[in-house]
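Before any comments, here is the structure.
The values are calculated or read from the model by the stated rules, or taken from the named source; none is laboratory data. Please read these numbers as outputs of a predicted model, since none were measured by experiment. Glycine gets a Cβ as well: all are built from the backbone with ideal geometry, and neighbour counts include every protein chain shown.
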Amino acid sequence: MTTVRCRIAPSPSGFLHIGTAKMALFNWLFARKTLGAFILRLEDTDAERTDETFVHAMCEGFKWLGIHWDEGPRFGDEPERGAFGPYRQSERRHLHQQEAHRLLVEGTAFKCFTSKEELEALREEARVKKQTFAFRSPWREASPEQIAEMGDAPCVIRFRVPEGFTEVHDLVQGVVRTNNKEIDDFVILRPNGDPIFHLAVVVDDGLMKITHVIRGDDHLTNAARHVMLFNALGYDLPKFAHLPMVLDEKGKKYSKRDRGANVLDWREDGYLPEALINYVALLGWTPAEENRELFTLPELIEAFTIDRWGKSAARFDRKKLDWLNGQHIRRLPVEELRDRLVPILQRSGFDVQSKSEAWLTRLAEICHEKLPTLNHIGELAGFFFHDIDHYEEKAVKKHFQVEGAADALAAVLQTFEQAEAWTAEALGASVHRMAESKGESLGKYVHPTRLALTGKSVGPGLFELAELLGKETCLSRLKTAITHIKAKLWPVT
Ligand code: GLU
């Protein structure tokens, strides 16, 4: 059996778009599943639109997602990898030219001297007659003498489109049949020797021994031309799979300008690559197991079969992504979560340096269940790093501006002062005992205490956070809150 070789062939004219990431992911998962090779080829022939910063942003996007290529161009310190290079299309121009000239010699391509004006006139004539137009060049049957007579006059090389029909057997779209009459004798090489996309992509796929061309369905209309070229060039025909694009939440094409179109926006917003991968895989693949959506990477590779790829475009569903992100955060080992949170805390300006590794691990542990995204750590745990400068107004009304609030906090203060040990268990047990001895509910003490210690009404478990905050800080914040309540300083800022 031939080994699967599939590829992503992005044009680096912008950041890594979520749609390109989807195509890369489907290729990559397919390669992992079949123990094949996943190849990155940069289609950077458009010098005007290619920019090294985009090349970098794109590769960085793949790296962040964890979509590692087995073969591909040099990137940063990493050397080019693979036996079928170069992996940048701009460095393969000589191969495109060589193959175009081979077609010329073999007669499946020809030199065409038809001027732009002549071609436009023919098109116009067809338009007036309301006829469909596919260019059959008068030069396709020119004799070698007629060609020689033209000397060095500028010309293009065109493909001699054969008669008949071309079928694309697409793994997702089914059989797509095209009458070759509808296709121009298309250009493959420009007068300056630059290859046209169709030639470059087929020569590269052919010489790189690509077995599966998995790409966006915007290329479906190109596939018939590609099949003709594969056949003419004598390369093994790969299998094709044209996948639907990613639509935004309104059902429109995901615009480059929208936040989230750039894969790295999600990194910036605190999403896990594991969650994004899981989510994007569901945009065009239906798991065999009904109603299952959550997959770790190994599970995804295991379950990801091509027969369950779909042809209808899926809308982006932010709620589902958010849910998956939360789930993947819960699945991270706590040390791993800690390591991912630390840079975010640092970016927020919090003094992480003065905290021990054990302290930071415990912080990750007590926040583990509460984080929708990594970035929420700032909001959830900011009070560990700075004094409270604001109590939530609504919570103040509910828990501070009520009869007995100061007394409740004073009771907690006393309990804390006398706690046998400064651990969550000991603190919890002593506050429980105190509430019970007074015949009061635990809530009467817990809610104002949380507000006093954190400034908020929700957050990590109260006794866990108190342990981590430390005795001195807890006592001082309780005293401050009592003073504020007694002085009726509302709202407290
Ligand atoms: N460079 C093309 C694009 O970015 C991809 C061509 C292909 O996958 O065949 O759309």
Item to check | Test result for residue 61, small (Gly, Ala, Ser), more than 28 Å from residue 95 (Cα to Cα) and touching a Lys or Arg at 6+ places or on another chain (Cβ under 9 Å) | outcome: yes
Item to check | Complete set of residues in region 368-426 that are outside any loop (DSSP other than H, G, I, E, B) and among the β-branched types (Val, Ile, Thr) | outcome: 377, 396, 412, 415
Next on the checklist: Name the residue that is modelled with the lowest pLDDT, counting only residues in region 55-82 that are part of a loop (DSSP other than H, G, I, E, B) and surrounded by fewer than 17 Cβ atoms within 10 Å (Cβ to Cβ).
Outcome noted: 76
Item to check | Only one of 100, 134 that is of a type in the set (Gly, Ala, Ser), in contact with a helix residue (DSSP H, G or I) (Cβ under 7 Å, 6 or more places away or on another chain), surrounded by 12 or more Cβ atoms within 10 Å (Cβ to Cβ) and modelled with pLDDT under 95 | outcome: 134
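Going by what's in this entry, would residue 93 be described as among the basic types (Lys, Arg), touching a residue at least 24 places away in the same chain (Cβ under 8 Å), within 16 Å of the ligand (Cβ to nearest atom) and surrounded by fewer than 20 Cβ atoms within 10 Å (Cβ to Cβ)? Quick ask: steps written out before the conclusion?
On the way: among the basic types (Lys, Arg): yes; touching a residue at least 24 places away in the same chain (Cβ under 8 Å): yes; within 16 Å of the ligand (Cβ to nearest atom): yes; surrounded by fewer than 20 Cβ atoms within 10 Å (Cβ to Cβ): yes.
Here the answer is yes, as residue 93 does meet what is asked.
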Checklist entry - Among the numbered criteria (1) more than 26 Å from residue 86 (Cβ to Cβ); (2) within 14 Å of the ligand (Cβ to nearest atom); (3) among the charged types (D, E, K, R), which single criterion is violated by residue 250? => result (2)
Checklist outcome for this item: When region 218-236 is checked residue by residue, the ones that are away from the ligand (no atom under 14 Å from the Cβ) and without any contact (Cβ under 8 Å) to a residue 24 or more places away in the chain are 231, 234
Item to check | Of residues in region 34-47 being outside any loop (DSSP other than H, G, I, E, B) and within 15 Å of the ligand (Cβ to nearest atom), the one farthest from residue 70 (Cα to Cα) | outcome: 42
Checklist entry - Do we have any residue at all in region 46-54 that's closer than 30 Å to residue 161 by Cβ and either modelled with pLDDT of 95 or more or buried (at least 22 other Cβ atoms within 10 Å of the Cβ) (or both)? => result no
Checklist entry - Inside region 268-305, can you point out the residues that are under 18 Å from the mean Cα position of the chain (by Cα) and closer than 25 Å to residue 240 by Cβ? => result 277, 280, 281, 282, 283, 284, 285, 300, 301, 304
Item to check | Of all residues in region 164-186 being among the polar types (S, T, N, Q) and over 35 Å from the mean Cα position of the chain (by Cα), the one that is surrounded by the most Cβ atoms within 10 Å (Cβ to Cβ) | outcome: 180
Item to check | Residue among 430, 457 that is in a loop (DSSP other than H, G, I, E, B) and farther than 25 Å from residue 356 by Cα | outcome: 457
Checklist entry - How many residues does region 437-461 hold that are more than 14 Å from residue 389 (Cα to Cα), among the hydrophobic types (A, V, I, L, M, F, W, C) and surrounded by 21 or more Cβ atoms within 10 Å (Cβ to Cβ)? => result 0
Next on the checklist: I'd like the full set of residues that are without any contact (Cβ under 8 Å) to a residue 40 or more places away in the chain and either in contact with a strand residue (DSSP E or B) (Cβ under 8 Å, 6 or more places away or on another chain) or away from the ligand (no atom under 12 Å from the Cβ) (or both), limited to region 188-205.
Outcome noted: 190, 191, 192, 196, 198
Next on the checklist: Condition first: surrounded by fewer than 17 Cβ atoms within 10 Å (Cβ to Cβ) and either modelled with pLDDT of 95 or more or assigned to a helix (DSSP H, G or I) (or both). Now tell me which residues in region 4-33 satisfy that.
Outcome noted: 33
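Considering only helices (runs of 4 or more DSSP H) fully contained in region 187-281, which possess at least 2 residues that are over 21 Å from residue 57 (Cβ atoms) and either modelled with pLDDT of 95 or more or among the hydrophobic types (A, V, I, L, M, F, W, C) (or both)?
Working: elements: 197-207, 220-233, 263-268, 273-281.
Output list reads 197-207, 220-233, 273-281.
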Checklist entry - If a residue has to be over 16 Å from the mean Cα position of the chain (by Cα), outside any loop (DSSP other than H, G, I, E, B) and under 19 Å from residue 288 (Cα atoms) to count, how many in region 306-323 make the cut? => result 4
Checklist entry - If you take the residues of region 1-22 that are among the aliphatic types (A, V, I, L, M) and under 28 Å from residue 237 (Cβ atoms), which of them is nearest to the ligand (Cβ to nearest atom)? => result 9
Checklist entry - Which one is farthest from residue 138 (Cα to Cα) among residues in region 187-224 that are more than 30 Å from the chain's Cα centre (by Cα) and buried (at least 17 other Cβ atoms within 10 Å of the Cβ)? => result 195
Checklist entry - When you scan region 25-36, how many residues do you find that are under 15 Å from residue 239 (Cα atoms), over 18 Å from the mean Cα position of the chain (by Cα) and touching a residue at least 40 places away in the same chain (Cβ under 8 Å)? => result 1
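Take residue 59 and tell me if it is closer than 19 Å to residue 280 by Cα, more than 9 Å from the ligand (Cβ to nearest atom) and in contact with a His (Cβ under 6 Å, 6 or more places away or on another chain). Steps first, please.
On the way: closer than 19 Å to residue 280 by Cα: yes; more than 9 Å from the ligand (Cβ to nearest atom): yes; in contact with a His (Cβ under 6 Å, 6 or more places away or on another chain): no.
When the stated conditions are applied, residue 59 does not pass them.
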Checklist entry - Does residue 116 meet the test of being away from the ligand (no atom under 16 Å from the Cβ), among the basic types (Lys, Arg) and on the phi > 0 side of the Ramachandran plot? => result no
Checklist entry - Which condition breaks for residue 161 when tested against (1) free of Cβ contacts under 8 Å to residues at least 60 places away in the same chain; (2) crowded, with 21+ Cβ neighbours inside 10 Å; (3) more than 16 Å from the ligand (Cβ to nearest atom)? => result (1)
